[in-house]
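Before any comments, here is the structure.
The values are calculated or read from the model by the stated rules, or taken from the named source; none is laboratory data. Quick caveat: nothing in here was measured; it's all calculated off a predicted structure. Because the Cβ atoms are built from the backbone with ideal geometry, glycine has one as well, and the counts that use them run over all protein chains shown. With ligands, DNA and RNA removed, areas are computed over all heavy atoms of the protein, side chains included. Shrake-Rupley method; radii C 1.70, N 1.55, O 1.52, S 1.80 Å.
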Number of protein chains: 2
Amino acid sequence: MKKYTILIIALFVCVGAFAQEIGNFMGREPIVSPEIGKETITFRFSAPYADDVKLTGGFAPLQKVETSFGTMDMPGNIDMVKGENSLWSVTVPMPEPELYTYSFIVDGVSVNDPNNIFMQRDGTRYLSVLLVPGELTENYFEANERGNLNQVWYDSPTLGMTRRLFVYTPYGYADSKDKYPVLYLLHGAGGDEDAWSTMGRTCQILDNLIEKGLAKPMICVMPNGNPTQYAARTLMIDEKPVDRNNPEMGMMGNLYPKSIVEDIVPFIEKTYKVDARPKSRAIAGLSMGGGHTITTSLMYPGFFDYICPLSMGIGMRFGNDNTDQEEIMKNYETQFKALKKEGYKLYFLACGDTDFLFESAKTLDKMLTDTGCEHTFYVTPGGHTWSNWRIYLNTFAPLLFK
Amino acid sequence: MKKYTILIIALFVCVGAFAQEIGNFMGREPIVSPEIGKETITFRFSAPYADDVKLTGGFAPLQKVETSFGTMDMPGNIDMVKGENSLWSVTVPMPEPELYTYSFIVDGVSVNDPNNIFMQRDGTRYLSVLLVPGELTENYFEANERGNLNQVWYDSPTLGMTRRLFVYTPYGYADSKDKYPVLYLLHGAGGDEDAWSTMGRTCQILDNLIEKGLAKPMICVMPNGNPTQYAARTLMIDEKPVDRNNPEMGMMGNLYPKSIVEDIVPFIEKTYKVDARPKSRAIAGLSMGGGHTITTSLMYPGFFDYICPLSMGIGMRFGNDNTDQEEIMKNYETQFKALKKEGYKLYFLACGDTDFLFESAKTLDKMLTDTGCEHTFYVTPGGHTWSNWRIYLNTFAPLLFK
């Protein structure tokens, strides 16, 4: 079978050479990075002409950085050392189990790890990913029984566009005669319909929870929360010219929440095998999507029985904000009382204790208490991070539809 | 509505800062790259400490490179110039319409364009993408009427694994009562189930052809052609330990072609609204996938009425290959005669005239002629490139199911 072996090698070499259409990589030695050892991780990067190569990432020791919001703790840089064949490397102690992003800083330029196939996009930015195994990250790895992820176009008469959303259907969906409950899962500012399934590891988390019998099999719908976008900007669709002076079309306006209930939910309930009752509908979202969650559930009380705003609250004040907070709070009071009256099964508010929106989450917590709305206020260490949002999904998904 | 504006800015800044979990980008000026002008394209890259920044990509003038397969023409490097604020830039004349990949070479290190959200993965390698508009690339942009792309798990008893494939369903599929024809579209060595929908622009090409009435609405199934893989290596699934000495399990073995007909086709025909007749089945593939196309259609004559091997042929000889070519050709003769006897509607063989497999394609062309198999031998300029494979898909898809 020598013929096959030779042919395969030839195909790999040639397809590589031509398909990649770049000539500067031929004859390169394979470099292993990151190499996950027993108690350490080694990063390697080939840079023959660099004077200085550093590693930075979520696992690096924090340093103080001045920002317009005050001093913040941000990951620092770790020096790498130049070895044989101009291979820079550094070995770090095994970080706590977590999904980290990282990059190299080569003479001041941020570079992804070219030897790591695992990369994620955060907004416009791509970063290499390191997934450290452990109890916390157990559900971030692929389960044995895996659901499907669908990129689906739907009409939004409310926004006047054909838009894209992602739909997760659980393992066994295609062959089942069941009608499934649906979680509507919303991203934050700077994200898009891709965010939860990549950075949020939604498919992996739901697959694992369902396989372990901890969560009910559910459909999960991840729409695009930027009302002026058709889809993630990785597609080449010109955005519709919208009236940017119309606050209802803005990120915190009412048109997008309206489109969730009046466009997205009917589309999903028509297209998929769905139990179309409030008790089988959940809405959750992070940051801006937490705002959408709060707004949508207040605009349509009784529509979602499960409401989970994450890293968001009410009553934020920024800069020279001189809105009448008293009036805003009075309106909220009326709305939350209406929500209570219509009823729901779970109000799960989660926030990190160093989140810049923690105060607003505490305000929401107080409002819920004052209006007699039963709820959970789930406070974790840490800030406004995907680490927390994965933990929140992993925590509230088992509480849904029960 | 000032409150909203301030909040939105705050969310963008803070979500960015925390979610990206990297501290070295704050306060960065927005850089536009690539900037597509009327007759030029400008690339920009910020690198304060670099001594030398170059641009390379499919549009760069070719240069001779020595490889183990002889001298090859490969894209060269274009010098960039350091300007104000350490911003390196270069303006190049507008290249011919095409989808190009490119990168910067910063002091010898290959770096993607951090200001271009449009990136593609080719095997293990990520590259920035430039799509130059024009007649050739018209169908590579998003159409108005867009189909969906689904990431789907299926059982492969033949390979003993649950594996992933991508399924494109055309615009209107969900609401239609029609039964659709199916194109099984196979990738090359080094690729995976993701390759055709990203580098191949399959969804865009089929959407456009269908919207223009040039191609029949069809489902397109893009499986993973590496028999030892569950899915693309971007997922974290340990590959099954397979008997690597079993050539049938190898890339050119018979088990994967068997799994197409006995596992994948029945799964698709059970799960989707499919016309399950040979006249509504097409198989096409590039390079290694062209080999799979040839093998599968010969192993199961009469099963696919449309057969399109791309950039592949028969009778390759590499290195010290001393297989008995005469016997191999005799076997092919018998098989192609059986294929002719069973019948088919289209045999579309395509290859570039500088492809390293062009001789093998000519051998296949001759074999088809000698055995009386009606066929098209579609020869284009150029080599073993995604440019050609997109052109081929754009060319043969309108010929299917008619």
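Tabulated data for the structure shown
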read-out: Projected area averaged over orientations for chain A, convex hull of C-alpha atoms, nm²; value: 24.4
read-out: Accessible surface of segment A:136-199 [probe 1.4 Å, protein heavy atoms]: carbon and sulfur percent; value: 44
read-out: Long-range Cα-Cα pairs in segment B:28-132 (distance over 17 Å), rounded percent; value: 54
read-out: In nm, spacing of pseudo-spin labels at A:PHE141 and B:ASN85 (7 Å Cα→C-beta vector); value: 4.5
read-out: Unit charges on C-beta of K, R, D, E only; dipole of segment A:187-280, Debye; value: 360
read-out: For q = 0.06, 0.08, 0.09 Å⁻¹, Debye-computed log10 I/I(0) when each Cα of the protein assembly as shown counts as one equal scatterer; value: -0.40, -0.71, -0.91
read-out: Net charge, B:ASP275 excluded, C-beta distance under 13 Å - Lys, Arg +1, Asp, Glu -1; value: +4
read-out: Computed E for A:THR234/B:LYS212 - FRET, C-beta separation, R0 22 angstrom, nearest 0.05; value: 0.35
read-out: Chain B, relative contact order [Cα under 8 Å, separation at least 6], %; value: 11
read-out: Zone of A:LYS341's modelled label, taken as backbone nitrogen in segment A:278-319 under 14 Å from a point 7 Å along Cα→Cβ; value: A:299-302
read-out: Pairwise label distance in nanometres, A:GLU248 with B:ASP370, each label 7 Å out on the Cα-Cβ vector; value: 7.4
read-out: Rough spin-label spacing in nm, given labels placed 7 Å along Cα→Cβ, for B:MET329 and A:MET329; value: 9.1
read-out: Total accessible surface hidden between B and A, rounded to 100 Å², 1.4 Å probe; value: 9000
read-out: Heavy atoms of B:SER46: accessible area, 1.4 Å probe, square angstrom to 10; value: 50
read-out: Residues along segment B:118-166 losing 40 Å² or more of accessible surface when the other protein chains are present rather than the chain by itself (probe 1.4 Å); value: B:PHE118, B:MET119, B:ASP122, B:THR124, B:ARG125, B:TYR126, B:GLU142, B:ARG146, B:ASN148, B:LEU149, B:GLN151, B:TRP153
read-out: Cβ-derived FRET efficiency at R0 30 Å, B:ILE31 paired with A:THR354, nearest 0.05; value: 0.45
read-out: Heavy-atom surface of the protein assembly as shown, accessible at 1.4 Å and reported per residue (Å²); value: 40
read-out: Reach of B:LYS82 by Cα under 29 Å, taken over lysines that are not fewer than 8 positions away in the same chain; value: A:LYS54, A:LYS82, B:LYS38, B:LYS54, B:LYS64
read-out: Helix-only [θ]222 nm of the protein assembly as shown, DSSP H runs n ≥ 4, -39500 (n - 2.57) each, per residue, nearest 500; value: -7500 deg cm²/dmol
read-out: Segment A:191-256: Cα Rg divided by the 2.2 N^0.38 Å rule of thumb; value: 1.46
read-out: 5 angstrom amide H check on A:THR162, placed H, neighbours 5+ away; value: A:SER156
read-out: Chain B: antiparallel DSSP beta bridges as a percent of all, rounded to 5; value: 70
read-out: Size of electric dipole in segment A:140-399: Cβ of Lys, Arg +1 and of Asp, Glu -1, about Cα centre, debye, nearest 20; value: 580
read-out: Over 25 Å between alpha carbons, listed pairs B:LYS177/B:LYS402; B:LYS273/B:LYS345; A:LYS273/B:LYS216; A:LYS177/B:LYS258; A:LYS216/A:LYS366; value: A:LYS273/B:LYS216; A:LYS177/B:LYS258; A:LYS216/A:LYS366
read-out: Segment B:28-132, accessible surface, carbon-and-sulfur percent (1.4 angstrom probe); value: 49
read-out: Per-residue average of Cβ from other chains inside 10 Å of A:105-115; value: 6
read-out: Heavy-atom accessible area order for B:VAL32, A:VAL182, largest first, 1.4 Å probe; value: B:VAL32, A:VAL182
